[in-house]
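The values are calculated or read from the model by the stated rules, or taken from the named source; none is laboratory data. The structure displayed is predicted, hence computed values, not measured ones. Positions of Cβ are backbone-derived with ideal geometry, glycine not excepted, and every protein chain shown enters the neighbour counts. These area figures cover heavy atoms from the full protein model, side chains too; ligands, DNA and RNA do not enter into them. Shrake-Rupley method; radii C 1.70, N 1.55, O 1.52, S 1.80 Å.
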Amino acid sequence: MRRLFVALSLTALSCLASGSIARAACAPGDFTKAQAAQGKILYDANCASCHMTNLSGGSGPALGGAKFKSYLDFTKITGAQLLSFITAQMPYQAPGSLKPAEYRSIFAYILQQNQYKAGNVPLTGQTAACIAMLPYPGKS
Ligand code: HEC
């Protein structure tokens, strides 16, 4: 009984730590296909020069496939953290130069390219907290 209590408290703590308090506001569907399509245009223009059109990585690390899976496995980064990293740090030579909605579209495109499922609800700051990066759904 006591062990169960400890396990539950730990789960609650790790939810708080990963910023998933917004989980209560989770909407089904993490991004839409339209958002990802918009994201592709923005990705090609702002990210592909370093991460490559097929996300395989170049002067920047891979954002798709086995290497991206290892990155997710190793860092245990959440969807919300990844979106804020991109928004704050990328493009590398001009961090924060795009609009928040543009970063969300680009993130939707990266998710789609890695076989995460699209839904009917667009990706927002809140639904980003609901995205389970692991298990990795793509080919690796
Ligand atoms: C000028 C080259 C360049 C451009 C353009 C660029 N990046 Fe990066 N990106 C990098 C480099 C270099 C790193 C590694 C930085 C580090 O570890 O601090 C990186 C890291 C990342 C990471 C973390 C992945 C990992 O394995 O560490 C993500 C996600 C990412 N970039 C997304 C983007 C997105 C989205 C765009 C477009 C909005 C973009 N990048 C544009 C060079 C670039």
Under 1.5 on a/c is rounded, so check that first for the range 81-122, then, if it is not, pick prolate when a/b is larger than b/c and oblate when it is not; a ≥ b ≥ c are the square roots of the alpha carbon gyration tensor eigenvalues. prolate
Using a Cα distance threshold of under 18 Å, what count of lysine pairs results for the range 23-128 when pairs must be 8 or more residues apart or interchain? 5
Compute the accessible area per residue over the range 23-128, keeping the other protein chains in place, probe 1.4 Å, unit Å². 54
Taking every C-alpha to C-alpha distance in the range 23-128 and binning by 10 Å from 0, the per-bin percentages run 16, 51, 31, 2
Report ³J(HN,Hα) in whole Hz for each residue of the range 59-65, in order, from the Karplus equation J = 6.51 cos²θ - 1.76 cosθ + 1.60 where θ = phi - 60°; Gly and Pro get x. 6, x, x, 5, 10, x, x
Ignoring ligands, DNA and RNA, what percent of the 1.4 Å accessible area of the range 23-128 is carbon and sulfur? 60
Show me the trypsin sites (Lys or Arg not before Pro) within the range 32-133 that DSSP assigns to loop and that have at most 12 other Cβ atoms within 10 Å of their Cβ. Lys76, Lys117
Residues whose modelled amide H sits under 5 Å from the amide H of Met90, counting only those 5 or more places away in sequence or on another chain, are Gly96
